[in-house]
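The values are calculated or read from the model by the stated rules, or taken from the named source; none is laboratory data. Please read these numbers as outputs of a predicted model, since none were measured by experiment. Cβ: placed from backbone, ideal geometry, glycine included. Neighbour counts: every protein chain shown.
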Amino acid sequence: MRTFLATFATFALGNLALAAVPVAAADVPTGRLPAGVKPLAYDLSFVIDPAKERFSGETKIEIEAAAPTSTIYLHGQDLAVTTATVTVGRKVIQARYAEVDPSGVAALTLASPLPAGKARITIRYTAAFRSGAEGIFRAKVGNDWYAWTQMEPLDARRAFPGFDEPGFKTPFTTSITVPRAVKAFANTPETSVTTRGAMQTHSFAASKPLPTYLVALGVGPFDVRGTTIPANAVRKEPLEFRVIATKGQASRMDVTLEETPKLLAGLEDYFGIPYPYEKLDFIASPIMGGAMENAGLIVYGDTLILMDRGAPFGQLRGFSEVVAHELAHQWFGDLVTPVWWTDIWLNESFAEWMGKKIAHQWRPDLGIAAQELGEAFGAMDLDSLGRGRPIRQEITENSQVASAFDGITYQKGAQVVSMFENFVGAEAFQKGVRLHLNRYAFGNASAEQFFASVAEAANDTRVIPALNSFLTQTGVPLLGVEDGTQAIRLSQQRYLPLGVTPPETPQTWQIPYCFARGEGRRCDLLSTASATVPALIGTEAALVPNAGGNGYFRYTLDAAGWDRMIAAAPTLPARDAMALADSLWADFAAGGAPFATIVKAAEALARHPERLAAANLGGRLAGVGNRMIAPAQQPAYRALMARLYGPAFAPLGFDPAPGAHASEPAERQSLRQALLPLVANEAADPALRARLATAGRAVIAGDMKAVDPTFRGLALVAAVQEGGPTAQAALSRALLASQDPLFRSQAAGAIGAVASEEQATKALELAFADGMQALETTGLVGSVARSPAGRIAATRFAEANFTRVLASYPGFSKRGIINLFSGFCTNADADRVETLLRPRLPELGGGELELGQAVAGIRRCAALTEAKGSEIAAALR
């Protein structure tokens, strides 16, 4: 490989003069590339040594030009190009390469016109590894360096030049030259290994058609373990499955190796199509925030797929939901890909919904179906700010793409999918999904084509306009329900919390709904502003306006209706109880229900056996304690939380020892885990905190068996808050010495869960200690920012060290830094955040929407405090 590198150096010296290309700014495509040139296939060659600061590559792209041209627009970002040519037959046309827009648009200016027809682009270049999860990124773990990739949405252009749009699907052939001591992985099976001196070239088979954002690789001295997934009724051949992780993690792969085949089988059964690719590898990275569905080589954050036996339920939920989500993408997103970013919502909405469905099927006792609804409520909060976007947002600029990966796309979209599956029926919806995937396999399809498949399968033309009413409008529908003995009167409008300005034009949706009363049930479509429907039989039982919790709407009742629901709350089905909690809180936040009614409902729901139903309003009340009350009111707040949740927690008992509760049903264990933070942290129960702090100190001292991993995070928080900066420093040393991804994550969060400004200062210093991974740094700083004692210190630190803090965020979520500033609750704070961050938006590559939402959230909190502060104070008295 030395010859290849020497050739690079020669070309670099000879072509520096080709750097500048005179392209008029008005001609630069900052959204979709102009029609006329399309890629047909890629041949990617990389030279990667993760221990070095840069890598090199050669990209060959087979193209077809529809007409003669002298300029080819494509994508490349921060690439130091040494040579660029276009070959037509035997003719080689020299080209000048330049990056002509900060979003990664590049131009090739040709020395002579390219004729219509087929040709080959060849570009050689070098580039720096990224430190966050974008493009090709690297990290040092222990004594070794590793590299991974994260291409979605617009970061393939940081790894290689190309046509970086989802609508271009082509085969990719990849080779990676690496030091002999390390391994290399790509999307497809390895076909050969060639050794030349200290380097080895790993060659991989040509892929099936993929968009650039699904190209993946991994390089490093990884641990690798594998198994064979047997054939089944859908897939007639066995499938090789491997888990790949940094050195020392092999013992934490058992759960993933054993349980992933079950999740995959559930998906194959649902789709009726075998897993579409030649191999299945999972690769773990300590600085990956989440996961990425690369065909055949899915990248995950360490804690998602590396776990010990007896892992906490929270980690198992994360494993199953995210693995099922990414595997669902192998069909919905990889096999069939959106034409353009406008429809990326469908990729993520569907996978989010499908992931929860399959994960719940895998372990119904973990309460994953309830978690799906809980996350939808979070999307409703975001969707109610008055600064938002529709699920299906027309994307015309590269700067808009990253904003499409948010709670509206994932959680709102998933709940809308769930609502319409319920509306047309599960069997008809599944038939529509299969029809769509078979029609467009290995190609691209639009949302309209998916809707058409579902409508055809369901034989119901109402589906398309009803779906569009949710996809094209911002906001959450509010269903007014007047319960009567003869009829139920319905009305709809947009839900508007205090502090949000009404839209100029009233909105209506076509809302699929289900009502229930006792054993009675009615499901229909509300397509007008108001309607009257026959009453359900019986008046003694409470009317449940969102039966099953499938609807993406909130509802409001009169005082008597709320009282009947609250009385029934402990015995309602879990999702019905959760919908009650969310809609009642929403009524309070809109200036309706009094705070005393919230307290009454919280006390009733605390007795519910499902963890999220029991704790939902507790989480809302924790937000009041965190943001809306004065320090002098904290003792009364803690007393209120003790009264509400102490009696429900006490019968469950608590022993922090490892495995002490392992013989109990999962539902009971989960309930304890949900209520414990409310009693230990919000109510500050002294006995519980003492037990947790004792266990936490033992862990910091090196006794990892002092507390069950389920409770370890809480124990470390208690120990740090009691022990101050000394405990923080000791925990930091333990974190840096550990190879356990879950412990490291818990420790980072605990160091940042500060109880004083002194602790906040210490935590921010430790966030950037040598050996901290980028994801741990962002987690620690975020933990400080969420704490009332650390909020001001964290925002001041981020302001003074903006570039340094920003560098720790993954490329696809850099705008997440805005959330550090979102925990305030006065209009003056909103003004300060706006003034501070607006000039910084160019550094984030956008963020207008996210900043607007953060500021709107602060103003909404201020409005609620002004309107309801006296009610809250009265309840605390």
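Here are the numbers:
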quantity: Enumeration of residues in segment 799-825 that are more than 20 Å from Ala133 (Cα to Cα) and assigned to a helix (DSSP H, G or I); calculated: Glu799, Ala800, Phe821
quantity: Matching residues, segment 694-718, being part of a helix (DSSP H, G or I) and either over 29 Å from the mean Cα position of the chain (by Cα) or not hydrophobic (A, V, I, L, M, F, W, C) (or both); calculated: Thr694, Ala695, Gly696, Arg697, Ala698, Val699, Ile700, Pro709, Thr710, Arg712, Gly713
quantity: Residue within segment 283-297 that is under 30 Å from Ala206 (Cβ atoms), surrounded by fewer than 23 Cβ atoms within 10 Å (Cβ to Cβ), touching a residue at least 24 places away in the same chain (Cβ under 8 Å) and β-branched (Val, Ile, Thr) present; calculated: no
quantity: Conditions (1) at pLDDT below 95; (2) more than 26 Å from the chain's Cα centre (by Cα): number failed by Ala590; calculated: (1)
quantity: Qualifying residue in segment 572-586 (condition: more than 19 Å from Gly548 (Cα to Cα) and surrounded by fewer than 24 Cβ atoms within 10 Å (Cβ to Cβ)); calculated: no
quantity: Matching option when the condition is modelled with pLDDT of 95 or more and either of a type in the set (A, V, I, L, M, F, W, C) or in contact with a Leu (Cβ under 7 Å, 6 or more places away or on another chain) (or both), among Leu5, Leu13, Leu44; calculated: Leu44
quantity: Failed criterion for Arg180 (all others in (1) charged (D, E, K, R); (2) in the same structural domain as Tyr73 (by TED's automatic domain parsing); (3) surrounded by 15 or more Cβ atoms within 10 Å (Cβ to Cβ) hold); calculated: (3)
quantity: The listed residue being farther than 28 Å from Ser813 by Cβ and in contact with a strand residue (DSSP E or B) (Cβ under 7 Å, 6 or more places away or on another chain), out of Tyr73, Tyr97, Tyr125; calculated: Tyr97
quantity: Some residue of segment 811-827 being in contact with a strand residue (DSSP E or B) (Cβ under 9 Å, 6 or more places away or on another chain) and either among the aromatic types (Phe, Trp, Tyr) or at pLDDT below 90 (or both); calculated: yes
quantity: Filter pass, Glu504 being without any contact (Cβ under 8 Å) to a residue 12 or more places away in the chain and either touching a Leu at 6+ places or on another chain (Cβ under 7 Å) or not assigned by TED's automatic domain parsing to the domain that holds Gln411 (or both); calculated: yes
quantity: Test result for Glu394, of a type in the set (Asp, Glu), at pLDDT 95 or above and either in a helix (DSSP H, G or I) or not assigned by TED's automatic domain parsing to the domain that holds Leu849 (or both); calculated: no
quantity: Which numbered condition Asn143 fails, given (1) surrounded by 16 or more Cβ atoms within 10 Å (Cβ to Cβ); (2) under 30 Å from Glu776 (Cβ atoms); (3) of a type in the set (S, T, N, Q); calculated: (1)
quantity: Candidates Gly771, Gly723, Gly749 - the one that is over 21 Å from the mean Cα position of the chain (by Cα) and in a helix (DSSP H, G or I); calculated: Gly723
quantity: Positions within segment 792-810 being modelled with pLDDT under 90 and surrounded by 20 or more Cβ atoms within 10 Å (Cβ to Cβ), in sequence order; calculated: Ser808, Tyr809, Pro810
quantity: Subset of segment 449-470 [surrounded by fewer than 20 Cβ atoms within 10 Å (Cβ to Cβ) and within 26 Å of the chain's Cα centre (by Cα)]; calculated: Gln449, Asn468, Ser469
quantity: Whichever residue in segment 483-495 is surrounded by 15 or more Cβ atoms within 10 Å (Cβ to Cβ) and touching a strand residue (DSSP E or B) at 6+ places or on another chain (Cβ under 8 Å) and, among such residues, is farthest from Tyr555 (Cα to Cα); calculated: Ile488
quantity: Considering residues of segment 22-72 that are closer than 19 Å to Ile93 by Cα and small (Gly, Ala, Ser) only, the residue surrounded by the most Cβ atoms within 10 Å (Cβ to Cβ); calculated: Ala65
quantity: Extreme residue, surrounded by the fewest Cβ atoms within 10 Å (Cβ to Cβ), among residues of segment 502-521 that are touching a Pro at 6+ places or on another chain (Cβ under 8 Å) and either part of a strand (DSSP E or B) or basic (Lys, Arg) (or both); calculated: Ile511
quantity: Any hit, segment 780-797, residues being in a helix (DSSP H, G or I) and closer than 24 Å to Asp703 by Cα; calculated: yes
quantity: Residue in segment 91-112 that is surrounded by fewer than 17 Cβ atoms within 10 Å (Cβ to Cβ), charged (D, E, K, R) and farther than 30 Å from Asp770 by Cα present; calculated: yes
quantity: Condition check for Met354: touching a helix residue (DSSP H, G or I) at 6+ places or on another chain (Cβ under 6 Å), closer than 19 Å to Ala291 by Cα and not in a helix (DSSP H, G or I); calculated: no
quantity: Any hit, segment 438-448, residues being surrounded by fewer than 22 Cβ atoms within 10 Å (Cβ to Cβ), farther than 20 Å from Ala351 by Cβ and over 24 Å from the mean Cα position of the chain (by Cα); calculated: no
quantity: Answer residue from segment 723-779, given it is of a type in the set (Val, Ile, Thr) and out of contact with any helix residue (DSSP H, G or I) (no Cβ under 7 Å at 6 or more places or on another chain) and is surrounded by the most Cβ atoms within 10 Å (Cβ to Cβ) among those; calculated: Thr778
quantity: Filtered residues of segment 185-213 (kept if touching a Phe, Trp or Tyr at 6+ places or on another chain (Cβ under 9 Å), outside any loop (DSSP other than H, G, I, E, B) and within 27 Å of Pro286 (Cβ to Cβ)); calculated: Phe185, Ala186, Glu190, His202, Phe204, Leu210, Thr212
quantity: Breaking point among (1) closer than 26 Å to Arg691 by Cβ; (2) without any contact (Cβ under 8 Å) to a residue 60 or more places away in the chain; (3) not small (Gly, Ala, Ser), for Lys600; calculated: (1)
quantity: Filter pass, Glu482 being of a type in the set (D, E, K, R) and closer than 27 Å to Cys861 by Cβ; calculated: no
quantity: Unique residue being at pLDDT 95 or above and either in a helix (DSSP H, G or I) or buried (at least 23 other Cβ atoms within 10 Å of the Cβ) (or both) when the list is Gln371, Gln361; calculated: Gln361
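One line per residue, one yes/no per condition, for (1) within 19 Å of Gly314 (Cα to Cα); (2) in a loop (DSSP other than H, G, I, E, B); (3) free of Cβ contacts under 8 Å to residues at least 24 places away in the same chain:
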{"position": "Met641", "(1), (2), (3)": "no, no, no"}
{"position": "Phe654", "(1), (2), (3)": "yes, yes, no"}
{"position": "Ala660", "(1), (2), (3)": "yes, yes, no"}
{"position": "Glu664", "(1), (2), (3)": "yes, yes, yes"}
{"position": "Gln669", "(1), (2), (3)": "yes, no, no"}
{"position": "Arg672", "(1), (2), (3)": "yes, no, yes"}
{"position": "Val679", "(1), (2), (3)": "yes, no, no"}
{"position": "Leu688", "(1), (2), (3)": "no, no, no"}
{"position": "Leu692", "(1), (2), (3)": "yes, no, no"}
